[in-house]
Amino acid sequence: MKDKCLLCFGDIQNGLTLYEYVMKQDCICGTCRKQFELCNQIVKIGEIEVYALYFYNDFFENSMFNYKENHDVVLAKIFLFPHLKRLKKMYEDYVFVFAPSSKGKEEERGFSSLPLLFADLKVEKQYLFEKTKEYKQSSQPYQKRYQVKDIIVRNKHMLPTKKILLVDDMCTSGATLKRMYELVKNHEFEVALLTIGINKKLTTLQ
């Protein structure tokens, strides 16, 4: 029985050359993978520099929505699968610190969506932030997305005595990552930033 694509349930070989199938093993077919638009670059947003894996297009948005809001946890691995080896090498000396989600949203989903995306990396992680109230950026007017100062705060956990990687799944305005960076930027060790998806408009502002 041939392997099936986790997204379209078609043959995993669809859209792949023989070389790609043998050398670039994946959990989704080539047709689906090619609909993700790669970024793979550092994007400067104000005072922060964020390494982004994908541009935020309709296919990315729909896939992430099905994972997070339709609770299709099987899709957790599709976003990072082709990047695992590279990310492991790039950030092997870092502690991963994830953007906080609201307690209500986690209870509704039944899982922590952002840490699960990175489960296959088996990284060292720490939780340094929390949300003081329910707040969803995508439901806010663009101008209000920057007003997160009183919503994302530091918790009581101590900063790790090593380099930190601040991580978010989607960077639409940069407000969340900027706030996280603001809270730890005086850390004695390096602070880097990573997002899985990024709004392409942010890359045109550089």
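The values are calculated or read from the model by the stated rules, or taken from the named source; none is laboratory data. Only a predicted model underlies this, so the values are computations on that prediction, with no experimental measurement involved. Note: ideal-geometry Cβ built from the backbone for every residue, glycine included; neighbour counts use all protein chains shown.
Annotations
- The one condition from (1) modelled with pLDDT under 95; (2) closer than 20 Å to Ala119 by Cβ; (3) among the small types (Gly, Ala, Ser) that Ser102 does not meet is (2).
- Among residues of region 148-200, those that are closer than 16 Å to Val123 by Cα, out of contact with any Leu (no Cβ under 9 Å at 6 or more places or on another chain) and in contact (Cβ under 8 Å) with a residue 60 or more places away in the chain, counted: 2
- In region 2-17, the residues that are surrounded by fewer than 19 Cβ atoms within 10 Å (Cβ to Cβ) reach residues that are aliphatic (A, V, I, L, M) and assigned to a loop (DSSP other than H, G, I, E, B) with C-beta atoms within less than 7 angstrom, at least six apart or across chains, in these pairs: Lys2/Ile12; Asp3/Ile12; Lys4/Ile12.
- Of all residues in region 1-12, those being over 26 Å from the mean Cα position of the chain (by Cα) and at pLDDT 90 or above number 1.
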